[in-house]
Amino acid sequence: MIGPVDRPLEASPRQALLFAGEDAELPLPEGLWRGRSFFDSTTVAAQAAAIAHAAPFRQMRVPGGGLMSVAMTNCGVAGWVADEHGYRYSHTDPLTGQRWPALPEAWRHLAHRAATAAGFVGFEPDVCLINRYASGARMGLHRDSDEADLRQPIVSFSLGASAEFLWGGLHRRDPVRRVPLHEGDALVWGGPVRLAYHGVAPLRPRGGPPERLNLTFRRALAG
Ligand code: MD3
Ligand code: FE
């Protein structure tokens, strides 16, 4: 007989991995470094709550007129803010008129350690943007380009509910890949992929924590 032989379908090794479910693990896109269980999430969450006590989470308005679905606050010498006029780093919190809370020394160390592990020497973050995702909150594809020195990497820490990170590559039309991010994950990117497009798919908490926090450590001001 000519044609397909009658034998059971066999999964390729890659498919077998995918079908294994939770533990499915695709390689990270080139240029991203990830550390799992990189920090103590209970301690970092408590520190974030203390910061949010002084500088509350708020949904910022964007130039188009709408509100971001993600609620944000900052700590450090400046904070990333959006309003009807645009996006920038501000030395003070527009909500309180006060300086942002200090960047905890322990956070600075953790971010420096993550950058070092990823191969970036001498990362000295001066700001940390804290993003809070409730169910349904998302971040559309964008690039982080408001920082003064784009040679510096960015370090991010994930806490709470897992999320699908969207990796769009260097050009807006590049295909988008999904990378799961879990509590305790540290992600570092810089150099050739510093200006890559990225975002976060709408948060769908699945029985675990109802919200997600993401901390991004940056060098915002010229050093
Ligand atoms: C890879 N935050 O605050 S962090 C942002 O999860 C932001 O809240 C997302 O994008 C969040 O601007 C993603 C992980 C991340 C961020 C930026 C990247 C990974 C990146 C830029 C280039 C490559
Ligand atoms: Fe970003």
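The values are calculated or read from the model by the stated rules, or taken from the named source; none is laboratory data. Note that the structure is a prediction, hence the values are computed from the model and not measured. With ideal geometry, Cβ positions are generated from the backbone for all residues, glycine too; neighbour counts draw on all protein chains shown. Each accessible area value is taken on the protein alone, full model and side chains, heavy atoms only, with ligands, DNA and RNA left out. Shrake-Rupley method; radii C 1.70, N 1.55, O 1.52, S 1.80 Å.
Numbers below:
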| read-out | value |
| --- | --- |
| Which listed residue is among the aliphatic types (A, V, I, L, M) and more than 14 Å from ligand 2 (Cβ to nearest atom), from Ala196, Ala186, Ala163 | Ala186 |
| Residues of the stretch 194-214 satisfying the condition of being of a type in the set (A, V, I, L, M) and open to solvent by less than 20 Å² (accessible area, probe 1.4 Å) | Ala196, Val200, Ala201, Leu203 |
| Conditions (1) more than 12 Å from ligand 1 (Cβ to nearest atom); (2) buried (at least 18 other Cβ atoms within 10 Å of the Cβ): number failed by Ala134 | (2) |
| Subset of the stretch 50-68 that is more than 10 Å from Ala82 (Cβ to Cβ) and crowded, with 16+ Cβ neighbours inside 10 Å - its residue that is farthest from the chain's Cα centre (by Cα) | Ala55 |
| Contacts under 7 angstrom Cβ, first residue in the stretch 188-210 being over 23 Å from Trp33 (Cα atoms) and without any contact (Cβ under 8 Å) to a residue 60 or more places away in the chain, partner more than 10 Å from ligand 1 (Cβ to nearest atom) and open to solvent by less than 60 Å² (accessible area, probe 1.4 Å), 6 or more apart | Gly208/Ala161; Pro209/Gly160; Pro209/Ala161 |
| Options Leu195, Leu203: the member that is at pLDDT 95 or above, closer than 14 Å to Met139 by Cβ, aliphatic (A, V, I, L, M) and in a loop (DSSP other than H, G, I, E, B) | Leu203 |
| Hits in the stretch 82-94 (condition: surrounded by 14 or more Cβ atoms within 10 Å (Cβ to Cβ) and not in a strand (DSSP E or B)) | Asp93 |
| Any hit, the stretch 145-154, residues being among the β-branched types (Val, Ile, Thr) and open to solvent by less than 20 Å² (accessible area, probe 1.4 Å) | yes |
| Qualifying residue in the stretch 163-182 (condition: near ligand 1 (Cβ under 10 Å from one of its atoms), touching a residue at least 24 places away in the same chain (Cβ under 8 Å), in a loop (DSSP other than H, G, I, E, B) and open to solvent by less than 50 Å² (accessible area, probe 1.4 Å)) | no |
| Arg212 within 17 Å of Ser69 (Cα to Cα) and among the basic types (Lys, Arg) | yes |
| Number of the exception - Gly79 against (1) of a type outside the set (Ser, Thr, Tyr); (2) over 15 Å from Ala220 (Cβ atoms); (3) crowded, with 22+ Cβ neighbours inside 10 Å | (2) |
